[in-house]
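As structure tokens, the structure follows; a few thoughts come after it.
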Amino acid sequence: MIIFFFLAGETARGLWTLPSVPPNLRAMLRYALKRFLSLLISLAVASLVIFIVIEVAPGDPASFMLGLNAQPETLAALRSELGLDQSRPERYLEWVGGMLQGDFGTSYTYRTPVTEMIGDRLWVSVPLALYALFLSVIVAFPAGIYAASRRGRAGDVGVMGATQLGVAVPNFWFAMILVLIFSINLRWFSAGGFVGWDKGLFAGLHALTLPAIALALPQAAILARVMRSALLDVLGEDFMRTARAKGLTARQALWRHGLRNALIPVLTIIGLQFSFLLAGSIIIEQVFYLPGLGRLVFQSISARDLIVVESVVMLLVFSVILVNFLVDVAYAAVDPRLRART
């Protein structure tokens, strides 16, 4: 890893010292490389922390699988089969080496490759996160714009009060209220489970609607507040006053100039929210009995299936770090001030 960092640094130094490389591109490459090195370091630290935290958890997977009355010889044989008789550094290096090759190991409980288990559940967790993000955006944008355009008025106070409630109330409470209203009383949606995408796109989205709403409402509240704040900052800029002086109405200046300039921090938050929705849906998937990554983690923790827990959590951490990296690079690409500070 140290050799890789050294070679990457030398390669990048050679790139941005070439006279043929434009200064803007050189600054962008420097910024992207620094963020990429930070990504690699974060992944290395995260893998070590995840392994240590899970390994020190009480309980033995082999003892859990065989029960309390298992014979010592049988227990030792199973531990050897699962690789649990190796030292922790050996197991860590084997786990990391397998992940680098796309091999997450084999589940202790299901005796199934973890890669296949993750692949099956990604078809639930990723659409759920995208669906929730879409609902969050279509609610937050109008709410934030409406509040910013009526700063200090009753509409602004009402929207901010609603968003404060959305931030404060846990999403699993929203989930239970939605089940009570739309599943038990109105019977518009199923209370849980997933029919599968083979039943059609509409059936799949119908099954994910209540979980997506429960995930989206708190995120929409956060995004609406960010949208309002960003718009208010832009509305106070000189170019907005110039646009008004040229004859544009407040509404025209807002839509033609204000909204576009306020989108940069908002898009950053949207990118971060997607990674949070993907990694933070454990409770919601448990409430609605969805066969996603969150429920897989919960079931694996209950069964002491350490290899599944480590692999899924590492994959979720990787998705969060990767999205943050892409958002940072995209932000620097459209805002020269950010990469100029590196």
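Go through region 232-248 and give me each residue that's hydrophobic (A, V, I, L, M, F, W, C), assigned to a helix (DSSP H, G or I) and open to solvent by 20 Å² or more (accessible area, probe 1.4 Å). Break it down stepwise before answering.
Let us first name the residues in region 232-248 that are hydrophobic (A, V, I, L, M, F, W, C), namely 232, 234-235, 239-240, 243, 245, 248.
Right, trim to assigned to a helix (DSSP H, G or I) and you get 232, 234-235, 239-240, 243, 245.
Result: 232, 235, 239, 245.
Among the residues of region 114-135, none qualifies, meaning not one is farther than 25 Å from residue 290 by Cα, out of contact with any strand residue (DSSP E or B) (no Cβ under 8 Å at 6 or more places or on another chain) and open to solvent by 20 Å² or more (accessible area, probe 1.4 Å).
Of the residues contained in region 168-183, one or more are found to be loosely packed, with under 12 Cβ neighbours inside 10 Å and under 19 Å from residue 143 (Cα atoms).
Every condition in (1) closer than 24 Å to residue 149 by Cβ; (2) at pLDDT 90 or above; (3) hydrophobic (A, V, I, L, M, F, W, C) holds for residue 208 except the one numbered (1). Screening region 72-124 for residues that are over 31 Å from the mean Cα position of the chain (by Cα) and of a type in the set (Asp, Glu) and picking the one that is farthest from residue 207 (Cα to Cα) gives 73.
Among the residues of region 214-229, those identified as surrounded by 22 or more Cβ atoms within 10 Å (Cβ to Cβ) and closer than 13 Å to residue 266 by Cα are 219, 220, 221, 223, 224, 227, 228. In region 258-265 there is no residue that is assigned to a helix (DSSP H, G or I), under 28 Å from residue 196 (Cβ atoms) and open to solvent by 60 Å² or more (accessible area, probe 1.4 Å). Scanning region 279-294 for residues that are open to solvent by 20 Å² or more (accessible area, probe 1.4 Å) and closer than 16 Å to residue 171 by Cα, we see that the one that is modelled with the lowest pLDDT is 280. Is it true that some residue in region 88-105 is at pLDDT below 80, closer than 22 Å to residue 300 by Cβ and open to solvent by 60 Å² or more (accessible area, probe 1.4 Å)? No, the conditions are met nowhere in region 88-105.
Does at least one position in region 17-26 carry a residue that is at pLDDT 75 or above, hydroxyl-bearing (Ser, Thr, Tyr) and open to solvent by 50 Å² or more (accessible area, probe 1.4 Å)? No, region 17-26 has no match at all. Residue pairs whose Cβ atoms lie under 6 Å apart, sitting 6 or more positions apart in sequence or on different chains, and linking a residue in region 162-180 that is over 16 Å from residue 211 (Cβ atoms) to a partner that is crowded, with 20+ Cβ neighbours inside 10 Å and of a type in the set (Lys, Arg), are 163/225. Within region 136-159, the set of residues being over 19 Å from residue 274 (Cα atoms), of a type in the set (Ser, Thr, Tyr) and open to solvent by less than 60 Å² (accessible area, probe 1.4 Å) comprises 149 only. In the list 275, 229, 300, which residue meets the criterion of being more than 25 Å from residue 102 (Cβ to Cβ), hydroxyl-bearing (Ser, Thr, Tyr) and in a helix (DSSP H, G or I)? Selected residue: 229, the only one of 275, 229, 300 that is more than 25 Å from residue 102 (Cβ to Cβ), hydroxyl-bearing (Ser, Thr, Tyr) and in a helix (DSSP H, G or I).
Look at residue 199 and say whether it is open to solvent by 70 Å² or more (accessible area, probe 1.4 Å) and over 24 Å from residue 122 (Cβ atoms). Reasoning before the result, please.
Working: open to solvent by 70 Å² or more (accessible area, probe 1.4 Å): yes; over 24 Å from residue 122 (Cβ atoms): no.
No, not satisfied.
Is it the case that residue 41 is out of contact with any strand residue (DSSP E or B) (no Cβ under 8 Å at 6 or more places or on another chain), at negative phi, among the aliphatic types (A, V, I, L, M) and modelled with pLDDT under 85? Spelling it out, it is not the case that residue 41 is out of contact with any strand residue (DSSP E or B) (no Cβ under 8 Å at 6 or more places or on another chain), at negative phi, among the aliphatic types (A, V, I, L, M) and modelled with pLDDT under 85.
Looking for something within 28 Å of residue 106 (Cβ to Cβ), open to solvent by less than 60 Å² (accessible area, probe 1.4 Å) and either among the small types (Gly, Ala, Ser) or in contact with a Leu (Cβ under 6 Å, 6 or more places away or on another chain) (or both) - is there at least one such residue anywhere in region 295-307? Yes, some residue in region 295-307 is within 28 Å of residue 106 (Cβ to Cβ), open to solvent by less than 60 Å² (accessible area, probe 1.4 Å) and either among the small types (Gly, Ala, Ser) or in contact with a Leu (Cβ under 6 Å, 6 or more places away or on another chain) (or both).
The values are calculated or read from the model by the stated rules, or taken from the named source; none is laboratory data. This is a predicted model, so every value here is computed, not measured. Heads up, the Cβs are rebuilt from the backbone with ideal geometry, glycines too, and the neighbour counts pull from every protein chain shown. Heads up: the accessible areas ignore ligands, DNA and RNA and are worked out on the full protein's heavy atoms, side chains in. Shrake-Rupley method; radii C 1.70, N 1.55, O 1.52, S 1.80 Å.
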